[in-house]
Amino acid sequence: MVENNKNDEKPEVKEEDKKIEDIKEESETKTDIEEPKAKFTFKCTRSDKCCLTRGPIPITFWDLELWARNGVVTNFLPYLDIYNKPSGGIDLVLKPLPPTPKEGEEEKPRDPFGGVPIEDLLEIKCALYNKEKKECLVYDNRPLSCRTYPLEFDGKNFTVVDVECPGIGEEGMTKENLKDMRDTAKQMFYELTRMRIALPVLSQLISQKVMMDLMKQNMDAMSKMSDEDRSQLDEILKKGQEPQPE
Ligand code: SF4
């Protein structure tokens with residue numbers, strides 16, 4: 001593992017009192033001769049910090065397409081989940097596994113239908129990280145979000161989302177590396193936007209379809225009931241509606 005040198009030459013990011021730094025995107029009207037000026041440098045130090053605390057990782061169509069091309073979609077299925085964010089949006093995410101309780105600690109009772117809420121897993125190790133070997137188990141198929149980390153693009157500015165990342169300030173980043181990283185961050189933004197537009201629509205359609213199928217199944221089952229069974233069911237339903245003794 002390469003140690004992070006905190007006295008490194010490009011300390012701009014760290015010196016800003018751990019604030020998130022916005023890196024203004026270079027003008028789209030630049031000529032080919034002009035190269036973007038690097039305001040930060042980055043090189044992954046394989047410190048494993050990010051994979052140990054990533055929490056849920058947003059997944060895009062780009063990831064799904066990559067996995068489909070490589071025939072590995074089913075390998076990822078157990079880790080995929082829908083995250084209804086407190087802000088109201090929906091994300092498809094790679095969900096971390098709940099941590100095993102420490103010795104003497106009681107396991108939290110689980111919701112049999114929902115599992116551990118994603119809110120409880122926001123800073124948990126990625127399920128696909130091997131802590132002992134310090135390696136990503138799906139490196140060639142890792143999500144786009146991991147490829148651009150810790151740089152993000154919000155449609156206007158580039159942002160360093162983890163100013164504590166030891167790779168920030170590391171030497172060795174060429175202008176081409178920076179351009180690639182920015183392009184990947186931009187791609188992540190556009191892919192995530194596509195997913196965030198599509199997911200609520202698909203989710204709504206699928207829920208409607210499931211609901212309609214359930215109602216149809218119930219109606220089919222009712223139509224096949226004998227008169228005796230139906231009157232028994234009516235009795236049960238009536239009892240359920242009667243006021244219960246205090
Ligand atoms: S998928 Fe791989 S690179 Fe991404 S957080 Fe998990 S272990 Fe790290």
Output ordering of 129-140, 58-69 (per-residue mean of other Cβ within 10 Å, highest first) is 58-69, 129-140
Per the C-alpha gyration tensor (a ≥ b ≥ c, the square roots of its eigenvalues), region 57-172 is rounded if a/c is under 1.5, else prolate if a/b beats b/c, else oblate; here it's rounded
For the table 95/186; 156/209; 133/156; 43/102; 102/134; 95/224, the rows whose alpha-carbon distance is greater than 31 Å are 156/209; 133/156; 43/102; 95/224
The set of residues whose placed amide H lies less than 5 Å from the amide H of residue 127, leaving out same-chain residues fewer than 5 positions away, is 97
Result for region 88-246: accessible area per residue, probe 1.4 angstrom, in square angstrom, of 70
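The values are calculated or read from the model by the stated rules, or taken from the named source; none is laboratory data. Keep in mind the model is a prediction, meaning the values are calculated, not measured. Heads up, the Cβs are rebuilt from the backbone with ideal geometry, glycines too, and the neighbour counts pull from every protein chain shown. Ligands, DNA and RNA are excluded from the accessible area calculation, which covers all protein heavy atoms including side chains. Shrake-Rupley method; radii C 1.70, N 1.55, O 1.52, S 1.80 Å.
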